[in-house]
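Comments concern the structure below.
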């Protein structure tokens, strides 16, 4: 049983960071790397065994649009791994998972929750390739392919995995309900792309409503399951605010149910905090 960290951006904002930017948490790789390190430290202190890097929305194109050159962009992507590794070492151990966010995150238009892309599989393969190779060679323990909404993007990532023998990954999908990923493809179908591959640590879901997690776990077979849903709140687009309850105690109790249903890596995504992870740790076997 492995406890993951929670929402990195959520905690960065709690630490005072302003993430209203196309780069989101990757903005701080440029402006204030130390606060990223502190966020990782806080999650380790709460009981997390994994630090997921601030590279979710970091990419060569995103940084070059800011006026940086490709070499500077690469250094910032590598910095995300170094910050997590420093926090891990200061905390006495753990795992560094280098975040590979979806193409939709770079579009900054919500496409990571729909899979409505303007690139096909070959285009997605090409778009991901530079960052993938940077992170695969970064010294991170594994790559966390997160919030993947599209069957085509899953196939592109599977090709990249084949291109880098020895790379370890987990792959987690954004989902529209308790059975299908965001573009409508059954989770069972995309999970099968990765089952049996020697580099695949786990397949599962993230950035989904907690209520969908039990049924989604049943859709993943022949591979360990990773789940890290949102807090349970929902975004009111009209009012531009989060609504609903996000009780860490209830979240921890739910995590125990996800583990009982078959999940072996459990953590949190949007709006979860170190307190949520502390409660998860309390409810799960060490």
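The values are calculated or read from the model by the stated rules, or taken from the named source; none is laboratory data. Given the structure is predicted, the values throughout are model-derived calculations rather than measurements. Cβ coordinates were reconstructed from backbone atoms using ideal geometry, including for glycine residues, and neighbour counts include every protein chain displayed.
For residues that are part of a helix (DSSP H, G or I) and touching a strand residue (DSSP E or B) at 6+ places or on another chain (Cβ under 7 Å), scanning just the range 157-172, find the one that is farthest from residue 107 (Cα to Cα).
Checking each candidate, the answer is 161.
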Assuming residue 110 fulfils every condition listed in (1) more than 30 Å from residue 279 (Cβ to Cβ); (2) surrounded by fewer than 17 Cβ atoms within 10 Å (Cβ to Cβ) apart from one, which condition is it? (1)
Considering each of 73, 98, 87 in turn, give the residue that is assigned to a helix (DSSP H, G or I), touching a helix residue (DSSP H, G or I) at 6+ places or on another chain (Cβ under 9 Å), within 30 Å of residue 284 (Cα to Cα) and modelled with pLDDT of 95 or more. 87
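Out of the strands (runs of 3 or more DSSP E) lying entirely within the range 181-269, which hold 3 or more residues that are at pLDDT 95 or above and under 19 Å from the mean Cα position of the chain (by Cα)? Explain how you work it out, then say what you get.
Details: elements: 200-206, 225-228, 234-236, 241-243, 263-266.
Fully inside the range 181-269 and qualifying: 200-206, 225-228, 263-266.
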For the range 22-65, the count of residues that are crowded, with 16+ Cβ neighbours inside 10 Å, in contact with a helix residue (DSSP H, G or I) (Cβ under 8 Å, 6 or more places away or on another chain), part of a loop (DSSP other than H, G, I, E, B) and on the phi < 0 side of the Ramachandran plot equals 10
Count of the range 247-258 residues which are crowded, with 21+ Cβ neighbours inside 10 Å and out of contact with any helix residue (DSSP H, G or I) (no Cβ under 6 Å at 6 or more places or on another chain): 0
Does residue 262 qualify as being touching a helix residue (DSSP H, G or I) at 6+ places or on another chain (Cβ under 7 Å), surrounded by 15 or more Cβ atoms within 10 Å (Cβ to Cβ) and over 23 Å from residue 115 (Cα atoms)? yes
Only listed residue being surrounded by 23 or more Cβ atoms within 10 Å (Cβ to Cβ), touching a strand residue (DSSP E or B) at 6+ places or on another chain (Cβ under 7 Å) and farther than 15 Å from residue 103 by Cβ, chosen from 144, 154: 144
Among the residues of the range 103-126, how many are in contact with a helix residue (DSSP H, G or I) (Cβ under 6 Å, 6 or more places away or on another chain) and touching a residue at least 60 places away in the same chain (Cβ under 8 Å)? 2
